[in-house]
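Colleague: Please read through the structure below; I'll follow up with questions.
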Amino acid sequence: MVLTALFSCGTAQNKENKQENNGATETTTVTEQTQNNNTMKALVTYFSASGVTRNAAKQVADIIGADLFEITPEQLYTDADLDWRDKQSRSTIEMNDKSSRPAIKDGGKVKNLDQYDVVYVGFPIWWYTAPTIINTFIEANDFTGKTIVPFATSGGSNIKKACEDLQATYPDYKFGEGKLLNSINKADIERWAAAVK
Ligand SMILES: Cc1cc2nc3c(=O)[nH]c(=O)nc-3n(C[C@H](O)[C@H](O)[C@H](O)COP(=O)(O)O)c2cc1C
């Protein structure tokens, strides 16, 4: 696979939330806070197959003071599923089929979505775009009146095509500037979040 250059398109109350990830139990903290840049309340959602995007999402949520929601596949991805060199692997088959909608554990519907104005949606870049489980997630929820802000991690590809694909698939939804988060800079994240309308 050719990996191309990097640019981007575009008073707490804590609850403990246990989630299964490839057999390991992970404890994530759902933090309920008011966003610091303006009056818009934000939720950071993410799908992560091998932990890189999860780490980025947690840092974003921490920096901007947002709640966190993991998009957990009903069937977790194994290493074999993620083998992009294998034409028969689960990820290859899903990414070759634009209509594939991998199931999300518990349906992927965000409870209390009404309280959020901005929903960050994070994912690993797969084949230059967003994994189709992100489509499952977007279609499981009603984002009318909200701003969806994509972010991603990758092996080097940018997020541009993922942003364009999402906007083209969901033309009625408002998307904010997407950002590739292969490295995280606090001031940069704060500027990015403050620019969301
Ligand atoms: C099936 C598959 C396809 C991928 N396609 C790309 C790609 O097109 N460009 C790229 O830079 N990285 C690609 N990657 C690498 C991931 O985007 C990268 O490792 C990411 O940080 C993984 O995030 P995660 O740990 O949250 O799953 C791919 C990885 C997988 C498993």
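Colleague: I159: modelled with pLDDT of 95 or more, within 16 Å of the ligand (Cβ to nearest atom) and surrounded by 20 or more Cβ atoms within 10 Å (Cβ to Cβ), yes or no?
Modeller: yes
Colleague: For region 139-196, what are the residues that are under 21 Å from P102 (Cα atoms) and among the basic types (K, R)?
Modeller: Answer for region 139-196, where residues must be under 21 Å from P102 (Cα atoms) and among the basic types (K, R): just K161.
Colleague: Moving on. Let me spell it out: the conditions are (1) over 22 Å from N55 (Cα atoms); (2) surrounded by fewer than 21 Cβ atoms within 10 Å (Cβ to Cβ); (3) under 13 Å from the mean Cα position of the chain (by Cα), and L166 meets all of them except one. Which number is the exception?
Modeller: Of (1) over 22 Å from N55 (Cα atoms); (2) surrounded by fewer than 21 Cβ atoms within 10 Å (Cβ to Cβ); (3) under 13 Å from the mean Cα position of the chain (by Cα), only one is false for L166: (2).
Colleague: If you scan region 83-137, which residues turn out to be within 9 Å of the ligand (Cβ to nearest atom) and among the hydroxyl-bearing types (S, T, Y)?
Modeller: Of everything in region 83-137, those that are within 9 Å of the ligand (Cβ to nearest atom) and among the hydroxyl-bearing types (S, T, Y) turn out to be S89, S91, T92, Y128, T129.
Colleague: Within region 7-19, can one find any residue that is within 13 Å of the ligand (Cβ to nearest atom) and either over 15 Å from the mean Cα position of the chain (by Cα) or at pLDDT 95 or above (or both)?
Modeller: Yes, there is a match, as at least one residue in region 7-19 is within 13 Å of the ligand (Cβ to nearest atom) and either over 15 Å from the mean Cα position of the chain (by Cα) or at pLDDT 95 or above (or both).
Colleague: Okay, next question. Restricting the search to region 40-70, which residues are closer than 18 Å to R101 by Cβ, more than 11 Å from the ligand (Cβ to nearest atom) and assigned to a loop (DSSP other than H, G, I, E, B)?
Modeller: The answer is none; no residue qualifies.
Colleague: Same structure again: What number of residues within region 162-183 satisfy the criterion of being within 12 Å of the ligand (Cβ to nearest atom) and either under 19 Å from V110 (Cα atoms) or among the aliphatic types (A, V, I, L, M) (or both)?
Modeller: 3
Colleague: Let me ask something additional. Could you pull out every one of the helices (runs of 4 or more DSSP H) wholly within region 119-197 that has 1 or more residues that are touching a Ser or Thr at 6+ places or on another chain (Cβ under 8 Å)?
Modeller: On the way: elements: 132-140, 160-169, 186-194.
Those helices (runs of 4 or more DSSP H) span 132-140, 160-169.
The values are calculated or read from the model by the stated rules, or taken from the named source; none is laboratory data. Please read these numbers as outputs of a predicted model, since none were measured by experiment. FYI the Cβ positions are ideal-geometry reconstructions off the backbone, even for glycines, and counts take in every protein chain you see.
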